[in-house]
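The values are calculated or read from the model by the stated rules, or taken from the named source; none is laboratory data. All values reported here derive from a predicted model rather than from experimental measurement. Reconstructed Cβ throughout: ideal geometry from the backbone, glycine too, with neighbour counts over all protein chains shown. The accessibility values were calculated without ligands, DNA or RNA, using every heavy atom of the protein model including side chains. Shrake-Rupley method; radii C 1.70, N 1.55, O 1.52, S 1.80 Å.
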Amino acid sequence: MKQVISLLVTFVLLISYGAPTLAKQANGKESIINLSHLDSLNEEVTIDGTEMLITHIYSEYPDFDWVDASGEGIAAVDDVARAAIVYLTDYENNKNQASLEKARKLLNFVMYMQAEDGEFYNFIYEDLSINTDGLTSKKSFDWWAARGMWALGYGYKVFEKVDSDYAQQLEDHFLLGNEALQNEINDTYGEYDWFHGVQVPRWITGFDAMSNALLGLSEYYSIKPKESVKDSMLKLGTGLSHYQYGDFDTYPFSAHLGWDGSPTLWHAWGSSQSFALAKAGKVLNKPEWVQSAKDEADNLFTHLLVTGMIKEMAPTPTKDEQIAYGVNMIVQGFMETYKATNETKYARYAGLAASWFTGNNDANFAMYDPETGRGYDGINGDTGKVNYNSGAESTIEALFAMQAITSNNKANKYLNARTLTRFTKSIIEAETFTAANGSPEIIKPESPWTGDALYSGDLVLLEDEEAIKKEISLEKGKYLVYAAIEKKHSLKHENFLNVHLDGENVGRILVSNSTDDSYLTLIKVGETSHLEEGKHTLTLKANGETAVIDNIVLQPVKESAVFSVKKNKSIILERNFQAGTIEISKY
């Protein structure tokens, strides 16, 4: 009889842990959230007598078998921590007991990878030993530590209600991690460096990475206010909110920048600063942090809803490597801003952003498949080519986005939106102009990477009084003109770039006032008069010594995108750069 009972228990456990997980909503309705593929990436292991789950990193088309990270390992805290968050969210949303138990085993791995000083290792090898030496795995308080903190903080919040003994283990590890975080930031807290004319908080190097830690701190503090945790939140939130520049019509459009080495580069992947600031701002009643999140949502993220998804701005936007981890950060930023403000527009924006996953993208391909639970690895927006591999990160981020949107009716209404038309900026490469005066030189950079920005193509060097021109086709309206140029560091001379359209002066910009090294950036030159549809002549001229130009951006003062949201219903999203307004209305 005991043997029969034992076999029955074993069978139940196998069903619980091994069967594909089709998430059910708490109201009993069918859900598009399918955890089956994520389940298939997980492997049960036992290390030092503790049962754990690890999440294999890559999964390649067409068989979608496990593929390891060559030289790094078979699984990493980076993915395991985020997988735990997906399962914890599923448990909170649907009371799925199997997801809670999977989260427990994933969190066991996260705790195992923490060192005695609170920092974390990242990868394990096939023999389950820790990769202690790799650049992406060595003990530190880097990306993997911050993600580990997020998982532990959220895990504590969930388990504190259902298993206080296990919650205590999570809390011990979380607070140890907070000590390591304090050791990382305390010495230079409150100090700033100046770089390319902007202030950069010195106590954080990876602002995108540390936003994950702020998310974990916020989850923990929301149920257990502790002064040491609040102190870390204040220091991280201050740093993240202070590394934000531009406004509605000034580059980088209120972006929260990710890396202390460049106030020019913004990348979508991993940019969860608005997500974290909105959440922490609500928890600590810091309206200025919520405003910081609103500024990025209004000034940058809604612009991307009109232009379509990008990989990065550096300063020219690129569309070649669009990934789930980038799109989901915009989805989460919008959604958390909605939760912090209760302004319905942000939920709508979140739904529109998430429509990338259902096929509203440059490939017209659904990047999340609810039939299999796969999140695909990326799109080349220039060619429309899809990467059909389905690794852990892509699957986790797709699921995370779907969980956020489908749990909110205001957002979910827009999940299957399709873009019908766009009226937005055009980028004109300087090397496509022709000489209007003198002998302008075309420069071919040895590399597109400058050290903190990216050239979009060849450059044009204009000497004093040299000019180039190009005939362009424009639709009716007013335009802002921007120039992607090298700002020079010159103590002796003032160098200017003058821009004319149809002989009318648009404006001129000083290009020799860098406070340190020369660097590439995007500067607003001015605004055109109202133009009629048709051909126009754009002229660029240097005054002073030299001007180096990468490209010119023509941005309609009033840009818009029309979306179909359901049968016989469309909406238009309109943004006015002059008034700084955004409107959604029926179309």
*the chain: relative contact order as a whole-number percent, Cα under 8 Å and 6+ apart*: 11
*When the dipole is taken about the Cα centre of the range 461-587, and only Lys, Arg (+1) and Asp, Glu (-1) are charged at their Cβ, what size is it in debye, to the nearest 20?*
920
*Is it possible to state the helix-based mean residue ellipticity at 222 nm for the chain, with each DSSP H run of 4+ residues giving -39500 (n - 2.57), the sum divided by total residues, to the nearest 500 deg cm²/dmol? What is it?*
-11000 deg cm²/dmol
*Give the cross-link partners of Lys535 among the aspartates and glutamates, using a straight C-alpha distance below 20 Å as the criterion and excluding same-chain residues fewer than 8 apart.*
Glu429, Glu431, Glu471, Glu475, Asp502, Glu504, Glu527, Glu559
*Give me the net charge of Gly155's neighbourhood, meaning all other residues with Cβ under 15 Å from the Cβ of Gly155; Lys, Arg count +1, Asp, Glu -1.*
-1
*To the nearest Å, what is the center-to-center distance of the range 156-207 and the range 469-501, using C-alpha atoms only?*
43
*asked:* Take the residue pairs Lys139/Lys385; Lys286/Lys345; Lys105/Lys294; Lys319/Lys586; Lys230/Lys311; Lys311/Lys444 and return only those whose Cα atoms are more than 30 Å apart.
replied: Lys139/Lys385; Lys105/Lys294; Lys230/Lys311
*asked:* Below 16 Å, Cα to Cα, which aspartates and glutamates can Lys161 reach? Residues fewer than 8 away in the same chain don't count.
replied: Asp90, Glu92, Glu101, Glu171, Glu219
*asked:* If you average the C-alpha positions of the range 231-253 and of the range 336-385 separately, how far apart do those two centres end up, in angstrom?
replied: 25
*Only Lys, Arg (+1) and Asp, Glu (-1) charged, at Cβ; the range 281-322 dipole about Cα centre in debye*: 160
*Please get the size of the charge dipole for the range 27-183, origin at its Cα centre, with Cβ charges of +1 on Lys and Arg and -1 on Asp and Glu, quoted in debye to the nearest 20.*
620
*Using the structure shown, select from Lys339/Lys566; Lys524/Lys558; Lys487/Lys541 the pairs with a Cα to Cα distance greater than 20 angstrom.*
Lys339/Lys566
*Dipole of the chain (Lys/Arg Cβ +1, Asp/Glu Cβ -1, origin at the Cα centre): which of Tyr338, Ala484, Gln244 lies farthest to the positive side?*
Tyr338
*State which helices in the chain qualify, where a helix is a whole DSSP H run, it must extend 15 Å or more along its own axis by its Cα atoms, and its mean Kyte-Doolittle hydropathy must be at least -0.5.*
2-18, 77-94, 97-112, 143-159, 207-223, 227-242, 273-284, 324-341, 344-354, 392-406
*asked:* Leaving out ligands and nucleic acids, and using a 1.4 Å probe, what accessible area per residue does the chain come to in Å²?
replied: 41
*State the percentage of accessible surface on the chain attributable to carbon and sulfur atoms; use a 1.4 Å probe and exclude ligands, DNA and RNA.*
47
*Long-range HN-HN contacts of Ser512 with modeled amide H, under 5 Å*: Lys488, Asn495
*For the range 261-360, what's the relative contact order in percent, using C-alpha pairs closer than 8 Å and at least 6 residues apart?*
34
*Reported to two decimal places, what Rg/Rh ratio describes the chain when computed on Cα atoms with Rh from the Kirkwood expression?*
1.00
_Below 14 angstrom from the Cβ of Gly438, what's the summed charge of the other residues (Lys, Arg +1; Asp, Glu -1)?_
-4
